[in-house]
Amino acid sequence: MNRSLWTALFLAVSLSAWAKPPAEQNAEAAGAADHTAPSYDMKAQSLVDLAAVQKKFVQLADAVPADKFTWRPSPDSRSFAEMFLHVAGERYGILGMMGAEKPEGFDGKAFEKSTTDKARIIAELNKSWAFSEKTIQGLSNADFAKLLPKLGPQANEGDVVYILVADAHEHLGQAVAYARENGIVPPWTTQAQKQAAEKKAGQK
């Protein structure tokens, strides 16, 4: 796992383990009988967020010419192909932190360099997203609070899902930077520009 993921996990666990002042503890005790539905549903929102990011990954991968998948910004950086496969592979690795079983035969060490074929890479993005969606859908609300002592004294499965969301956004930004460097405008930006132009024309 790369440094950014360990940093995210450290912050998540550190914040959850931070000692609470007596006033806050009393407030929590007073609200223990409050059965009002929470204003934020982490399970539902994480799935919405991850689905939106997945759609953008696939749109961007589809917009990259096949002969550009071996392009890399520097010799020590991942290529387009390696970056997209890194995204797919980390879904298995991150969710594996809470016990999700990786696909049979999956080799995390070799996966990023397993292919440069555009169609196969898009298929892997879709396959790993289906795995992620199924895994998160299978969690109950109680599971999100389930402790994972091997990750830290107060770490829980919700922290793992949070790391997955944060990691997805980090690499989407990287993918956009790669695309822009090659003169590729993200499809969702092109669509937004088209809609804005049509709206402006309609106001004349």
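Values in this text are rule-based calculations from the coordinates and carry no lab data. Note that the structure is a prediction, hence the values are computed from the model and not measured. All Cβ positions, glycine included, derive from the backbone under ideal geometry; neighbour counts span all protein chains shown.
Data for the structure
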| quantity | calculated |
| --- | --- |
| Under 12 Å, Cβ to Cβ, from A145 - net charge with Lys/Arg +1 and Asp/Glu -1 | -1 |
| Ellipsoid equivalent to the stretch 79-197 - semi-axes via the Cα gyration tensor, in Å | 29, 19, 13 |
| Residue list for the stretch 56-80, given a label point 7 angstrom along the Cα-to-Cβ vector of T116 and an amide N cut-off under 12 Å | 66-72, 79-80 |
| Contour excess over end-to-end distance, with Cα ends at S77 and Q191 and 0.36 nm allotted per residue | 38.1 nm |
| Residues H86, H169, sorted so that the one with the fewest Cβ neighbours within 10 Å comes first | H169, H86 |
| Around T189: net Lys/Arg minus Asp/Glu count, Cβ-Cβ under 11 Å | +3 |
| Cβ crowding within 10 Å averaged over residues, with 123-135, 189-201 ranked highest first | 123-135, 189-201 |
| The stretch 107-204: relative contact order in percent, alpha carbon pairs under 8 Å with at least 6 residues between | 10 percent |
| Relative contact order (percent, whole number), the stretch 41-185, Cα cutoff 8 Å, 6+ residue spacing | 34 percent |
| Cβ crowding within 10 Å averaged over residues, with 50-60, 140-150 ranked highest first | 50-60, 140-150 |
